[in-house]
1. Can you confirm whether LEU49 is among the aliphatic types (A, V, I, L, M), over 28 Å from THR145 (Cβ atoms) and at pLDDT below 85?
2. Go through the residues of the range 73-86 one by one and say whether even a single one is modelled with pLDDT of 90 or more, of a type outside the set (S, T, N, Q), crowded, with 20+ Cβ neighbours inside 10 Å and closer than 15 Å to CYS375 by Cα.
3. Considering only residues that are out of contact with any Gly (no Cβ under 9 Å at 6 or more places or on another chain) and either in a helix (DSSP H, G or I) or over 25 Å from CYS143 (Cβ atoms) (or both), which ones fall in the range 46-69?
4. Which members of the range 165-194 meet the condition of being under 25 Å from TYR81 (Cβ atoms), among the hydrophobic types (A, V, I, L, M, F, W, C) and either exposed (fewer than 15 other Cβ atoms within 10 Å of the Cβ) or within 33 Å of the chain's Cα centre (by Cα) (or both)?
5. Show the residue pairs that are 6+ apart or on different chains and have beta-carbon atoms under 6 Å apart, the first residue being within the range 58-85 and within 19 Å of GLN19 (Cα to Cα), the second being of a type in the set (A, V, I, L, M) and assigned to a helix (DSSP H, G or I).
6. Considering only the range 302-325, I want to know if a residue exists there that is at pLDDT 55 or above and closer than 30 Å to MET29 by Cα.
7. Against the conditions (1) surrounded by 13 or more Cβ atoms within 10 Å (Cβ to Cβ); (2) closer than 28 Å to SER60 by Cβ; (3) of a type outside the set (Lys, Arg), where does ILE148 fall short? Just the number, please.
8. Given ASN404, ASN347, which one is loosely packed, with under 12 Cβ neighbours inside 10 Å, modelled with pLDDT of 80 or more and of a type outside the set (Lys, Arg)?
Amino acid sequence: MNFSQELEECGFFEGYTLQRFVIITAFSMVSIFGILANMLLMAVFWRTLPSSVYLACLSSMDMLICLTYLLLFGVDAGFVYLRNKTLFFLYHRYIVPIFFIAKTVQFAIPFLLILITLERYVWTTKEKTRLVFAPVFNDKGRCITVSILVGLSIIIRLPVLLATEVKQFPNCNDYFRSESVSPAEWASHSHAYYVFDLHVITAVQTCLPFFVLLILNLIIVHRLVKYVTLKPRLSGVAVNKNLLDAQGTFTENYVLLEMAGELMRETLMKRLQKHIRQIISHVTGASNAVLAVPVFRSFLNLAYHRSTRDNRSQLRNAIYTMLAIVMSYLVCNGVHLFLTFLERTDNVFSLLYDSEDPNQSSNFYIALSDTVSICYMVSSAIRILIYAKCNTKLRHEIRNFLRNQRN
């Protein structure tokens, strides 16, 4: 038997250096934190169903992302680097359905974020528009839209389940290469599946959600700022009440509402200063009347600057958080798109597999695929930290839930 024939008898293999094993193990710990944190969010949102069905569904999907990362990558690192035969056997029994779940949830999450953002967009529109969308975003409508989203995601990603299989190589001398996850025969030779998996899924899952979320958020901020301009007599109390009511429904996109709210409050304070100057000037006949009345001047300066100083840090954190969310989403999808492109064009670039062993991944391929999976997992694992930082109402609900459980 020649060397090329021996290679044909062994399955696909990704090696583990000590450095990679440590990195994957460390992020597996992060995924465990994400599982527990999102289970906590699920328990909190479960108490307010069906009004919180979007948030409950999102936390469930985030939990599944973290769980599938642990099962797909943490276990893989365990049996390859530690040479554990039991983990190797179990891994190849569940790998295909778990991989399908990961792909389905990964597809559904951005569209769930679109639904949540669209609900907030409707909140900023006129009453007539809100009435039109009321059947969609009431308790029953949310349950229906989530059910449709989950059902469509399963149907659209079902080809992944059919196109993936575990191949066995009984004649391979290395037990840890005697089984390998590979594309099904029909998928390897189907041009239609190639176009669907590369072009259609990439456009629908990667490009469309990012631009839709970006455009919706820009429109929302623009409308809120315009509303302040058109309604100069809007009271700060009303603004705060509306924002507070919105907190229980909207997820991390709430930070944009915080930004708009801060802008409203600062604009109102400036208008208040201007109106008081005009009133006192009219009464006293002095152009610098406010300066001549230290009480009014001190009150206005103290109120305005204290409001600005107290909220500057929160506003800065909100801006950074929103930038982090958008950029992490762009990075995850951008790197994933780049990886998918290389996988489909490897016959041209030859960057993904070892030159001496075509069934062994190159270090570049391993690092790139690890980066994609880590990005998605971390973005789901830290969602509770985003909520705790940017959503005061939800932070109190989590604290109260933990206090009640402890008691």
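1. no
2. Scanning the range 73-86 turns up at least one residue that is modelled with pLDDT of 90 or more, of a type outside the set (S, T, N, Q), crowded, with 20+ Cβ neighbours inside 10 Å and closer than 15 Å to CYS375 by Cα.
3. Residues satisfying the conditions are TRP46, VAL53, TYR54, ALA56, CYS57, LEU58, SER59, SER60, MET61, LEU64, THR68.
4. If the condition is that a residue be under 25 Å from TYR81 (Cβ atoms), among the hydrophobic types (A, V, I, L, M, F, W, C) and either exposed (fewer than 15 other Cβ atoms within 10 Å of the Cβ) or within 33 Å of the chain's Cα centre (by Cα) (or both), then VAL166, VAL181 are the ones that fit.
5. Note: pairs meeting the criteria are TYR69/MET377; PHE73/ILE24; VAL75/LEU87; ALA77/ILE24; GLY78/LEU87; PHE79/LEU87.
6. Yes - at least one qualifying residue is present in the range 302-325.
7. (1)
8. Working: ASN347 fails: modelled with pLDDT of 80 or more.
The conditions single out ASN404.
The values are calculated or read from the model by the stated rules, or taken from the named source; none is laboratory data. For clarity, every value in this text was computed on a predicted model and none was experimentally measured. In this analysis, Cβ positions are derived from the backbone assuming ideal geometry, glycine residues included, and neighbour counts consider all displayed protein chains.
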